[in-house]
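The values are calculated or read from the model by the stated rules, or taken from the named source; none is laboratory data. Small disclaimer: the values here were computed from a predicted structure and weren't measured. Cβ placement follows ideal geometry from the backbone for every residue including glycine, while neighbour counts extend to all protein chains displayed.
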Amino acid sequence: MIIRPTPNGTWTYDFQYRNQRYRGVFKTKRLAFRAMSQKRAEVDGRYYINERLTFRKAAQLFFEKHGVNKASRRTDEGQIKVLNELFGQKRLEDITPIDIENMRVFLYKKGLKSGTVDHYHALVKVYDNMAEA
């Protein structure tokens, strides 16, 4: 993936994915980088993280796309409710390892077993992995 200036003052991105070439021209380097990240996420089948994407919205987007026919749908819905209480309005990019550890401690204090806490952790990780640009 390459972002470079052009002689006329614009910026371009250029990358290849699965034998398909993707290019774009933009006024600024920042716009070119954002567009490239978004296009890359789109062709990879992931979601693009913008600065305002909250955990709640990411969970909703992911669940609408991937949670419809899951056998564990009802379990996931309950876990998402709890996670939304913890991280709902927090932006995905602002969730830190310390936040994850605090979540685990909170769930242990509620009396959940280690395996269940691991499932909550895995659910948070799935949203983050699917949303990486």
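Some notes on this structure:
- Residues that are part of a helix (DSSP H, G or I) and surrounded by fewer than 17 Cβ atoms within 10 Å (Cβ to Cβ), drawn from region 105-118: 105, 106, 108, 109, 114, 115, 116, 118
- Scanning region 43-74 for residues that are modelled with pLDDT of 75 or more and of a type in the set (A, V, I, L, M, F, W, C) yields 43, 53, 55, 58, 59, 61, 62, 63, 71.
- Residues in region 76-103 that are farther than 18 Å from residue 59 by Cα and either surrounded by 15 or more Cβ atoms within 10 Å (Cβ to Cβ) or of a type in the set (Asp, Glu) (or both): 101 only.
- In region 119-133, the residues that are closer than 15 Å to residue 65 by Cβ and assigned to a helix (DSSP H, G or I) reach residues that are at pLDDT 70 or above and not small (Gly, Ala, Ser) with C-beta atoms within less than 6 angstrom, at least six apart or across chains, in these pairs: 123/79; 127/62; 130/62; 131/92.
- Residues in region 78-89 that are in a helix (DSSP H, G or I) and in contact with a helix residue (DSSP H, G or I) (Cβ under 8 Å, 6 or more places away or on another chain): 79, 80, 82, 83, 84, 86, 87.
- Options 59, 32: the member that is touching a Ser or Thr at 6+ places or on another chain (Cβ under 7 Å), part of a helix (DSSP H, G or I) and either basic (Lys, Arg) or surrounded by 12 or more Cβ atoms within 10 Å (Cβ to Cβ) (or both): 32
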